[in-house]
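The values are calculated or read from the model by the stated rules, or taken from the named source; none is laboratory data. In this text, all values refer to a predicted model and were calculated from it rather than measured experimentally. Heads up, the Cβs are rebuilt from the backbone with ideal geometry, glycines too, and the neighbour counts pull from every protein chain shown. Accessible surface areas use protein heavy atoms only, side chains included; no ligands, DNA or RNA. Shrake-Rupley method; radii C 1.70, N 1.55, O 1.52, S 1.80 Å.
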Amino acid sequence: FSCLDRDGTVYHTDKYSWLQGRQVYMFSHLYSELPDRPEAKEWLVTAAVGMRFLKKIMAQEGLLFFSYSQDGRAQHLQRKPFGNVFLLHANLEYYRALSIAGVAKVVPEECQEDYANRLQFRAAAIRLFKEFRAMVADPTLCGRPKVESAGPGGTRLGEVMCTAAVALHFEQTLTAVEGSLDAAQAAENKAAFEDALRLARLHYDVERRVFVENVPASGIIDYSTPDGRFFNAGHSVEVAWFLLRVVELVPDSEAEVIALQALLGSLEAGWDTEHGGIYYMQDILGKPLLDATVVSEGKLCRTAH
């Protein structure tokens with residue numbers, strides 16, 4: 001469950017695909033990175049339990065929903081491609097964890113069947129990646145028209161970030177487990193890295209040293225609309241971090257400079273100089289936000305002085 005009170009009491013039994021995927025990824029990743037810890041077996045078994053639920057929802061026809069009932073009935077469709085991303089990470093990292101357990105010959109009994117059929121998780125990750133890339137190119141595949149506010153054919157920063165993140169995860173996992181990427185995945189990764197680098201440049205405001213959220217089809221940042229001025233400091237920092245990882249694999253000195261400048265610029269632009277903390281969302285020109293529903297003064301986090 002994801003909806004827990006401070007004392008661990010479950011206050012809502014719906015399950016959210018983003019959070020379920022993240023949880024399976026995290027327990028799998030803990031096992032992959034720390035397989036000799038006393039808790040390692042419990043981590044892997046917990047990941048296996050979560051994966052059973054993910055397999056149930058992935059087996060359903062149609063789009064992935066944002067939320068499901070406890071028994072896996074679809075509840076809410078968000079019409080965004082990011083459910084694919086979190087389930088992809090879960091499948092890929094679980095595949096890595098099972099492979100590590102297999103090499104060490106310590107696969108728990110609860111995971112034996114999954115280990116014997118572990119290639120299904122690799123295949124699911126590849127399928128989800130292709131679906132994600134297709135949805136980014138054609139948003140109607142998510143069950144919605146292309147977002148007119150970003151302009152037909154426009155791009156969103158979250159899509160840039162996820163493209164880089166997923167390709168990096170494939171690079172790391174398949175290299176660790178299999179020694180290298182096969183030709184098909186290597187080509188897919190190369191295209192993803194190139195897209196991420198190209199699109200990140202379109203979102204970069206050189207003067208303010210930040211990545212903005214939405215760029216129209218013209219490829220030119222447009223501050224005449226609220227969507228064009230929308231700035232999320234956390235996203236901008238994340239994109240900078242991913243770019244720094246990408247340029248380690250695809251050397252690009254200009255992109256590296258952009259990433260470092262954006263990291264500093266985003267922290268400066270997003271910082272609340274009066275109370276401390278990073279704003280969750282802002283209008284980059286300081287105008288009122290159209291979406292001002294975030295509580296606690298719009299903060300992503302607060303820090304004590």
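Considering the conditions (1) modelled with pLDDT of 95 or more; (2) open to solvent by 20 Å² or more (accessible area, probe 1.4 Å), GLU131 is excluded by exactly one of them, (1).
Pairs linking a residue in segment 204-216 that is touching a residue at least 40 places away in the same chain (Cβ under 8 Å) and assigned to a loop (DSSP other than H, G, I, E, B) to a residue that is buried (at least 20 other Cβ atoms within 10 Å of the Cβ) and among the polar types (S, T, N, Q), with Cβ atoms under 6 Å and 6 or more positions apart or on different chains, are GLU213/ASN232. Taken over segment 218-243, the criterion of being among the hydroxyl-bearing types (Ser, Thr, Tyr) and surrounded by fewer than 16 Cβ atoms within 10 Å (Cβ to Cβ) is satisfied by SER218, TYR223, SER224, THR225. Does MET51 satisfy the condition of being assigned to a helix (DSSP H, G or I) and free of Cβ contacts under 8 Å to residues at least 60 places away in the same chain? Taking the combined requirement at face value, the residue does not satisfy it. The set of residues from segment 5-41 being among the charged types (D, E, K, R) and touching a residue at least 60 places away in the same chain (Cβ under 8 Å) comprises ASP14, ARG22, LYS41. I'd like to know if segment 88-98 contains one or more residues that are under 30 Å from GLU42 (Cβ atoms), open to solvent by less than 50 Å² (accessible area, probe 1.4 Å) and of a type in the set (Asp, Glu). Yes, because at least one residue in segment 88-98 is under 30 Å from GLU42 (Cβ atoms), open to solvent by less than 50 Å² (accessible area, probe 1.4 Å) and of a type in the set (Asp, Glu). Of the residues making up segment 193-201, one or more are open to solvent by 70 Å² or more (accessible area, probe 1.4 Å), over 19 Å from the mean Cα position of the chain (by Cα) and either within 30 Å of ALA104 (Cβ to Cβ) or modelled with pLDDT of 95 or more (or both).
Report yes if some residue within segment 35-45 is over 16 Å from the mean Cα position of the chain (by Cα), open to solvent by 60 Å² or more (accessible area, probe 1.4 Å) and of a type in the set (Gly, Ala, Ser); otherwise report no. No, segment 35-45 contains no residue that is over 16 Å from the mean Cα position of the chain (by Cα), open to solvent by 60 Å² or more (accessible area, probe 1.4 Å) and of a type in the set (Gly, Ala, Ser). Taking segment 54-82 as the range and being surrounded by fewer than 24 Cβ atoms within 10 Å (Cβ to Cβ) and not in a loop (DSSP other than H, G, I, E, B) as the test, the residues that pass are LYS55, LYS56, ILE57, MET58, SER67, TYR68, ALA74, GLN75, HIS76, PHE82. Restricting VAL215, VAL246 to residues that are within 22 Å of HIS169 (Cα to Cα) and open to solvent by less than 60 Å² (accessible area, probe 1.4 Å) narrows the list to VAL246. Answer yes or no: is there a residue in segment 1-22 that is in a loop (DSSP other than H, G, I, E, B), open to solvent by 70 Å² or more (accessible area, probe 1.4 Å), farther than 19 Å from CYS111 by Cα and among the aromatic types (Phe, Trp, Tyr). Yes: one or more hits.
For (1) crowded, with 22+ Cβ neighbours inside 10 Å; (2) at pLDDT 90 or above; (3) of a type in the set (Phe, Trp, Tyr); (4) part of a strand (DSSP E or B), each residue gets a yes or a no:
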| residue | (1), (2), (3), (4) |
| --- | --- |
| PRO145 | no, no, no, no |
| SER149 | no, no, no, no |
| THR163 | yes, yes, no, no |
| VAL166 | yes, yes, no, no |
| HIS169 | no, yes, no, no |
| GLN172 | no, yes, no, no |
| LEU181 | no, yes, no, no |
| ALA184 | no, yes, no, no |
